[in-house]
Amino acid sequence: MNAPHVLEVRDLRKSYRSPEGEHTLVVDVPSFRMASGEQVGLRGPSGSGKTTFLNLVAGILQADGGSVHVDGGPMTGVSESARDRLRAERMGYVFQTFNLLQGYSALENVELGMMFGRGVDGRYARELLGRVGLGHRLRYRPRQLSVGQQQRVAVARALANRTKLVLADEPTGNLDRAHAMEALALMREVCREHDAALLLVSHDPEVLGHFARVDDLARLNRATSGSGITMPVAEPAPGVGERA
Ligand code: ADP
Ligand code: MG
């Protein structure tokens with residue numbers, strides 16, 4: 001039987017040590033859930049802990065407390081090497097700067113992503129790259145591709161292990177408007193086709209406007225960062241004056 005939620009977060013906490021040695025609570029999320037196949041836009045101003053939250057979900061960062069379950073299995077309370085393995089098996093991640101390996105072709109980047117997951121399947125890697133419109137660029141290295149094309153390689157890689165969850169951290173942040181909208185549509189479509197849930201972080205209202213469900217990290221997160229500065233929750237609407 002399938003787990004009812006593809007992602008379930010409880011009482012997730014993370015603090016960082018500042019350069020002065022103080023601990024600052026950055027993430028304190030009592031509860032966050034996504035249903036299987038659901039697409040969620042996660043909004044929050046810069047510095048509100050969006051990347052930290054995604055990295056905790058992905059097990060790139062170790063939580064100080066609380067739990068993350070992906071596809072019914074725990075990501076928390078296990079060693080770093082176990083988290084690395086579980087990440088490859090249970091989720092794809094589209095990083096803001098794509099994190100492609102520069103010395104390898106588009107096809108190799110997708111195949112390398114498979115090595116830590118289900119194992120290399122060259123046919124499926126080619127199929128995915130074809131699906132994102134790069135069937136004619138399989139042998140190109142990242143540097144030989146446009147930024148938009150590199151982003152599409154990253155999308156193909158994120159789907160390579162047929163996981164039920166894809167995370168994306170401001171994946172359109174480095175693209176111009178037209179390419180950003182195209183990339184967003186592609187990601188949503190491909191996740192839908194592959195029955196993968198999508199958690200996409202953005203602070204761009206136009207990007208977020210495409211999602212039926214948009215959550216506000218400032219509302220989910222009880223930690224308001226140790227800066228003492230309270231960031232406005234919503235993007236300021238024209239004509240709205242400052243509210244303390
Ligand atoms: P966002 O992605 O929403 O812009 P981040 O999750 O990157 O926010 O950062 C949230 C807060 O945590 C920021 O105030 C940032 O300065 C702080 N922070 C992030 N990484 C570290 C780190 N490695 N050490 C100390 N503080 C950090
Ligand atoms: Mg960030």
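The values are calculated or read from the model by the stated rules, or taken from the named source; none is laboratory data. The model shown is predicted, which means the values in this text are computed figures rather than measured ones. Cβ coordinates were reconstructed from backbone atoms using ideal geometry, including for glycine residues, and neighbour counts include every protein chain displayed. Protein only, heavy atoms only, side chains kept; ligands, DNA and RNA dropped before computing areas. Shrake-Rupley method; radii C 1.70, N 1.55, O 1.52, S 1.80 Å.
Report whether or not Gly226 is touching a strand residue (DSSP E or B) at 6+ places or on another chain (Cβ under 7 Å), at pLDDT below 95, more than 23 Å from Ala58 (Cβ to Cβ) and open to solvent by 50 Å² or more (accessible area, probe 1.4 Å).
Against the criterion (touching a strand residue (DSSP E or B) at 6+ places or on another chain (Cβ under 7 Å), at pLDDT below 95, more than 23 Å from Ala58 (Cβ to Cβ) and open to solvent by 50 Å² or more (accessible area, probe 1.4 Å)), Gly226 qualifies.
Within the range 9-29, does at least one residue satisfy the condition of being aromatic (Phe, Trp, Tyr) and within 21 Å of Gly117 (Cα to Cα)?
Within the range 9-29 (the criterion being aromatic (Phe, Trp, Tyr) and within 21 Å of Gly117 (Cα to Cα)), the answer is no, since none of the residues qualifies.
Can you name the condition, by its number, that Gly47 falls short on among (1) of a type in the set (Gly, Ala, Ser); (2) modelled with pLDDT under 95; (3) more than 18 Å from the chain's Cα centre (by Cα)?
The number of the failed condition is (3).
From (1) within 15 Å of Leu200 (Cα to Cα); (2) modelled with pLDDT under 95, pick out the condition that doesn't hold for Val6.
All conditions pass for Val6, except number (2).
Taking the condition of being hydrophobic (A, V, I, L, M, F, W, C), more than 16 Å from ligand 1 (Cβ to nearest atom) and surrounded by 19 or more Cβ atoms within 10 Å (Cβ to Cβ), how many residues in the range 38-85 meet it?
2
If I go through the range 13-34 residue by residue, how many of them are within 26 Å of His210 (Cβ to Cβ), away from ligand 2 (no atom under 14 Å from the Cβ) and surrounded by 14 or more Cβ atoms within 10 Å (Cβ to Cβ)?
4
Only residues that are within 16 Å of ligand 2 (Cβ to nearest atom), of a type in the set (A, V, I, L, M, F, W, C) and either touching a residue at least 60 places away in the same chain (Cβ under 8 Å) or not in a loop (DSSP other than H, G, I, E, B) (or both): list them for the range 35-83, please.
If the condition is that a residue be within 16 Å of ligand 2 (Cβ to nearest atom), of a type in the set (A, V, I, L, M, F, W, C) and either touching a residue at least 60 places away in the same chain (Cβ under 8 Å) or not in a loop (DSSP other than H, G, I, E, B) (or both), then Leu42, Phe53, Leu54, Leu56, Val57, Ala58 are the ones that fit.
For the range 87-109, name all the residues that are part of a strand (DSSP E or B) and in contact with a Ser or Thr (Cβ under 6 Å, 6 or more places away or on another chain).
Of everything in the range 87-109, those that are part of a strand (DSSP E or B) and in contact with a Ser or Thr (Cβ under 6 Å, 6 or more places away or on another chain) turn out to be Met91, Gly92.
Just to be sure, is Met114 hydrophobic (A, V, I, L, M, F, W, C), open to solvent by less than 60 Å² (accessible area, probe 1.4 Å), closer than 18 Å to Val166 by Cβ and touching a strand residue (DSSP E or B) at 6+ places or on another chain (Cβ under 8 Å)?
no
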